[in-house]
1. Name the long-range amide H neighbours of Phe87: under 5 Å, sequence gap of 5 or more, or other chain; modelled H, no Pro or chain starts.
2. Modelling each spin label as a point 7 Å along the Cα-to-Cβ direction, I'd like the Lys37/Glu427 distance in nm, to one decimal.
3. Given the rule -39500 (n - 2.57) for each run of at least 4 DSSP H residues, summed and divided by the residues of the chain, what is its mean residue ellipticity at 222 nm, to the nearest 500 deg cm²/dmol?
4. Place the peptides 50-62, 161-173 in order of packing, highest mean first, counting for every residue the other Cβ atoms within 10 Å and averaging per peptide.
5. Taking the chain as the reference, fit the longest principal axis to its C-alpha atoms, fit the long axis of helix 147-156 to the helix C-alpha atoms, and give the angle between the two in degrees, 0 to 90, nearest 10.
6. When 1/r is averaged over all different Cα pairs and the result inverted, which Kirkwood radius in Å belongs to the range 104-485?
7. Each residue of the range 452-461 in turn: what ³J(HN,Hα) in whole Hz from Karplus with 6.51, -1.76, 1.60 and θ = phi - 60°, glycine and Pro shown as x?
8. Figure the gain on full extension for His88 and Arg446 (residue separation times 0.36 nm, minus the Cα-Cα span) and round it to one decimal in nm.
Amino acid sequence: MQWQTSEGIELKEVSEHKWMIPKSGKMKVPAVVFASKKLLGQIRKDRTLAQLRNMTELPGIYKHAICLPDGHQGYGFPIGGVAALDFHNGGISPGGIGYDINCGVRMFRTNLRKEDVVPRINELINIIYNNVPSGVGVGGKLGRIPVNELNKVLDYGAKWALDKGYAWKEDLMCTEDNGSLEGDHNLVSRRAIERGRPQLGSLGAGNHFLEIQVIDKIYNPEVARAFGIESEGQVTGMIHCGSRGLGHQVCSDYLRMMERAQPEIVKSLPDRELIYAPAGSKMAGDYFKAMNAAANYAWTNRQLILHWVRESFESVFKKKAEDLGMHQIYDVCHNICKVEEHEVDGRKIKAFVHRKGATRAMPKGHPLVPKVYEGVGQPVLIPGTMGTASYLLVGGEESLKETFGSTAHGAGRIMSRHAAAKKYWGENIKKELMSKGIIVKARSMRGVSEESPGAYKDIDEVVRVSDALGIGRLVARVVPVGVIKG
């Protein structure tokens, strides 16, 4: 089967769920879309495929540019975009990472059952809502933390939270990169610092959420048990947020610096949003460490939120979090660039692997899988939207070959926030979800409108494709009983 978009992009079917834009013109490599026909029909409606093709002109790009099943139009890269650029002859592009650096998902489990929690869900959600600040511009519970303390957060990440008593040691062991990358606060602007000081420990707004969930279906009991999931009806939770205003400012700062310092690169690109810092340059090194610092902020942010969620459960159920079995399953980031080694055409390569709206999904046996999960593979967290399922997967055996160890990060939008707000009425969405037994608490009804399930792709289809491709294998499905939105 062969399709052509309105922009003249030729798309060929390679196999079920795999489509290719063949290499032509200035393209250095082909581009690949991993999607079902249903999802591809939605992906084709915006500029996703044009952005995907543009990615192929970046220097040192290996093998192919990738769009995952939840792909949609973004800044520079499409969201759901993955590219590996050579560590020595490539570069690092903020547009391939995103503004919300290390926006990610953290999942925890409990030993509580649905019947324990549902009768008290209103009380629990209200207490969590009061303990975890949320909303546009809302500050964190810690207030404006001293600059010297924020500097430690940027340099050390979740280790800072552990030292301050906001984390269990096992939390860091079940966090991507142990919740800490080599950051340098000196490379983060004063403006970014000032934006980040009051917001540490807050959920934010947009598509960020905190959900109390119930295991609805287990697909792989053996792997589920390795992740602490014992049976259907078990209560779990997810926290989805990122680096708040600090990460946004870091991205903005370095985009402008790169554009001003490298006008010749801007002119050479098919889209100025793909501006990059060449590998080995001071700009590349500075941005990489500043990005890592923002990632450290995001991990600390989610760690603080988990701490206050644990305290909220303790308040409602009158037991210690340890006795409630409130262990972290995993924390993944999905707006990040990592230096990784991969095999391409039979040889080992070292690359800047950009994942924008994409989740690392390493199979069992890979050195980047946490030791506690080395026998089964890395947990992969793919959240849905309010009122829909979310999923726990495990890194698949085909991920290294097909996607540089990556899979989808969520449902993926099919409608802009503005369009969703015009089409859906927040109060109606809230009432509809309540009729399904889902409690929603939000600071803004407009936010509920913008995040309506109808504004997103079918999460069930996204994870089905991931599983069918072997890049992320299904483990369990969860459904929400309580949702907090900013």
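1. Under 5 Å from the amide H of Phe87 lie the amide H atoms of Lys350, Ala351, Phe352, each far enough along the sequence or on another chain.
2. Distance between label points: 4.4 nm.
3. -9500 deg cm²/dmol
4. In decreasing order of mean packing, 50-62, 161-173 become 50-62, 161-173.
5. Taking the Cα atoms of the chain, the angle to 147-156 is about 70 degrees.
6. Over the range 104-485, the inverse of the mean reciprocal pair distance is 21.2 Å.
7. Values per residue, Gly and Pro as x: 4, x, x, 8, 10, 5, 6, 4, 4, 6 Hz.
8. 124.3 nm
No lab work stands behind these numbers, since they all come straight from the coordinates. The structure displayed is predicted, hence computed values, not measured ones. No Cβ is skipped: glycine too gets one built from the backbone with ideal geometry, and neighbour counts run over all protein chains shown.
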